[in-house]
Amino acid sequence: MVLVIAEQRNGTLNRASWEAIAAGQQLAAGSPVTVAVAGAGSEQAAKELAAADVAGVIAVTGAQVEHYTADGWVAAHAAVVASVAPQWVVLPHTYQTRDFAPALAVKLDRALVTDCTGIKTVDGKPAFTRPMYQGKLAADVRPLGEAPWLVTFQIGAFRGDQAKRGASPANTRMDATVEAAAIRQVPEEPFQEARQAVDLSEAERIVAVGRGIKGPEHLPLAQALAEALHAEVAASRPICDSGWLPMERQIGSSGQTVAPKLYVAVGISGAIQHVVGMKGARTIVAINKDAEAPIFEVADYGYVGDLFEFLPALTAELKK
Amino acid sequence: MVQTLSPMKIAVCIKQVPTREWQPRLADDGRSIREQDASWELNEPDAYALEEALRLREAHGGEVVVCTAGPARAAMVLREALARGADRAIHIEDAALGHADAMAVGAVLAEACGGEAFDLILTGLQSDDQGYAQTGVVLAARLGLPHATIIMDVKIDGGRLRVKRELEGGWFQWVGMPLPAVLTIQSGINQLRYATLKGIMAAKKKEIRKAAPSAPVTPRVEILSLYVPQKSKRTEIVSGGPAEAAAALVKKLREDARVI
């Protein structure tokens, strides 16, 4: 039996929920899957989730789980786990999951494996593949101790459209009986810092720079290449953190997700937080001095060498 | 209105990880890295957590205590943190902590922090080695303290905390909570300072208290195998000098990929 904890806001499902269901179905290997979804709008989200080939969908409601808080989610989901009694608890590795799942694991006194990208069978039992050392290595791991074991899956590791559908499961509602005093966080309304002045998701071509560019004085090299390619300039997180380019040009889990025709990654190592934002690009070019950089795992074309020599040569070639 | 500032006792939990430039080499057991080949540094998100603690101390007064759970080699990052301005350090030393999972490390840190009555505990949102992104939250749950994660701003007023949580896709949210509390800090929350020569000299006189876990470190996750990941795509590498490689790449992008 697998319990999937889905995520929604105001009735709109986070698309990673379907990916978690796909992962949960694979892990269940035919045994029943139950999906739980909490918060204001959960009953509406539950109707959408009822399209899945699962045994049941539980909308977790109540005054203390209207809005997300870590304390509220831990208490409510501990009660769901107690009631469903699953072998496995599967979650998408979203920022919200990262905020409450480790505390849920401590409350249940069970093991939690985070950021998994696949499920394997090793010695007849499930094992999980996950990146380690910034994606330079991968590991097959197994949670220890007693069931249930908690597992989170990286966004994009499973395809939501491949979640099996069509069992018309039983939809139930569960009241989260959480004391108001037990919730210590007081959340305010989510907001966007500034309206996205640059919508990189519409760009056909993107030249993105990473730490390899070394300093803001070298940005004109990337800007010249972008001009020659009729591309937008973007960056990995450290570049925006350093203030070399504005935050609105950041690609990755904390920035924008893009799928251009052409993505040129300049001096970007390819940490997973960046790759999740750009791996949907049709053609990826990686320019990096390190032949072992994880960015080459997703690149179609690569140049291994000094970007300070290569960028001017590439720009000149395009202008010919 | 006169605002009274009460001094803060702040802990920062930090970790020593292989440097970003480190080329991974696997140990013969196929489940760990060859540590003797690695060079080490302070986990980057933890450096931002330390900086945030130093800024809070500058604003409110008080003390910054850095804490690590690791083998003997991890003392290096404590000395670095002391040189950057932390007041004292706690080193929970155990060889098994070098490759322990977040659940195990969180339990050990909770034991060390439990007796200190910290007002605030900060740590990076995840480590650049195992990257579980769990330790801070496990620590909070173990100590029974409220927490918030992936924090981009910290405000303290009248014994309450108001922090800016980063959500996905450019969204944020302010969250209030009482002190004491645990926060996991996102990279980029501030501009880092580096150790000065004066700081390095001053650090030599600062205390590093050693402690040992009271019970054997119990793993909750087993690494069955560690390996270089398989490529999901076949990358065509353009070779030659810069001009030659650039010409080859442009030809491929025009004629094969047809994206320019």
- Note on the structure: Whole-number value, in Å³ per residue, for the convex hull of the alpha carbons of segment A:170-309 is 186 Å³
- Query: If you average 1/r over every pair of different alpha-carbon atoms in the protein assembly as shown and take one over that average, what Kirkwood value in Å do you get?
  - Reply: 24.8 Å
- What accessible surface, in Å², does a 1.4 Å probe find on A:LEU219, ignoring ligands, DNA and RNA and rounding to the nearest 10? 10 Å²
- How much accessible area does A:SER253 have with a 1.4 Å probe, in Å² rounded to the nearest 10? 40 Å²
- Message: Below 8 Å between Cα atoms, with a sequence gap of 6+, how large is the relative contact order for segment B:19-117 in percent?
- Response: 21 percent
- Task: Give the distance, in whole Å, between the Cα centre of segment B:80-106 and the Cα centre of segment A:259-274.
- Result: 33 Å
- Note on the structure: Length gained, B:TYR194-B:ARG73, 0.36 nm per residue minus C-alpha separation, equals 41.5 nm
- For A:VAL209, residues with placed amide H under 5 Å, excluding near neighbours: A:ALA234, A:ALA235, A:SER236, A:VAL266
- Task: Starting from the exponent 0.38 and prefactor 2.2 Å, build the expected Rg for segment A:243-284 from its residue count and divide its actual Cα Rg by it.
- Result: 1.09
- Item | Per-residue HN-Hα couplings for segment A:204-210 [Karplus 6.51, -1.76, 1.60; θ = phi - 60°; Hz; x = Gly/Pro] | 7, 9, 9, 10, 10, 10, x
- Query: How high is the relative contact order of segment B:8-211, in percent, counting Cα pairs under 8 Å that sit 6 or more residues apart?
  - Reply: 26 percent
- Query: Considering amide H positions built from the backbone, and no H for Pro or chain starts, which residues 5 or more places from B:VAL12, or on another chain, come under 5 Å of its amide H?
  - Reply: B:VAL65, B:VAL66, B:CYS67, B:LEU122
- Query: Just for the Cα atoms in chain B, what are the lengths along the principal axes, largest first, rounded to whole Å?
  - Reply: 69, 49, 39
- Message: More than 21 angstrom separation, counting every C-alpha pair in segment A:117-243; what % is that?
- Response: 72 percent
- Note, B:GLU222: beta-carbon cut-off 15 Å, +1 each Lys/Arg, -1 each Asp/Glu, net +2
- Query: For A:SER42, B:SER214, what's the largest-to-smallest order of accessible area, 1.4 Å probe?
  - Reply: B:SER214, A:SER42
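Short version: what are the Cα gyration tensor semi-axes of segment A:2-182, square root of 5 times each eigenvalue, largest first, in whole Å?
Details: eigenvalues 118, 70, 45 Å².
Equivalent-ellipsoid dimensions as semi-axes: 24, 19, 15 Å.
Compute and list, largest first, the equivalent-ellipsoid semi-axes of chain A from the alpha carbon gyration tensor, each √(5λ) rounded to a whole angstrom.
Values for chain A, descending: 40, 22, 17 Å.
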- Task: Starting from the Cα gyration tensor of segment A:171-221, multiply each eigenvalue by 5, take the square root, and state the resulting semi-axes largest first in whole Å.
- Result: 45, 18, 13
- Query: Once you list every other residue whose beta carbon is under 12 Å from the beta carbon of A:ILE155, what net charge do they have if Lys and Arg are +1 and Asp and Glu are -1?
  - Reply: 0
- Item | Calculated from backbone phi, Karplus (6.51, -1.76, 1.60) coupling profile of segment B:244-253 in Hz, x at Gly/Pro | 5, 5, 4, 4, 5, 5, 4, 4, 5, 5
- Long-range amide H partners of A:ALA293, meaning residues 5 or more apart or on another chain whose placed amide H is closer than 5 Å, are none
- chain B: angle of helix B:44-60 to the longest principal axis, Cα-based, in degrees nearest 10: 30 degrees
- chain B - percent of accessible surface contributed by carbon and sulfur, probe 1.4 Å: 52 percent
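When Rg is the radius of gyration of the Cα atoms in segment A:193-255 and Rh is its Kirkwood radius, what does Rg/Rh come to?
So for segment A:193-255, dividing Rg by the Kirkwood Rh gives 0.94.
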- In the neighborhood of B:LEU97, defined by Cβ-to-Cβ distances under 14 Å, what is the net charge if each Lys or Arg adds +1 and each Asp or Glu adds -1? -2
- Task: May I ask you to derive the relative contact order of chain A, considering only C-alpha pairs under 8 Å and at least 6 residues apart, and to give it as an integer percent?
- Result: 16 percent
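The values are calculated or read from the model by the stated rules, or taken from the named source; none is laboratory data. If you're wondering where the values come from, they're calculated on a predicted model, not measured in any experiment. Positions of Cβ are backbone-derived with ideal geometry, glycine not excepted, and every protein chain shown enters the neighbour counts. Keep in mind that these areas ignore ligands, DNA and RNA; they rest on the heavy atoms of the full protein, side chains included. Shrake-Rupley method; radii C 1.70, N 1.55, O 1.52, S 1.80 Å.
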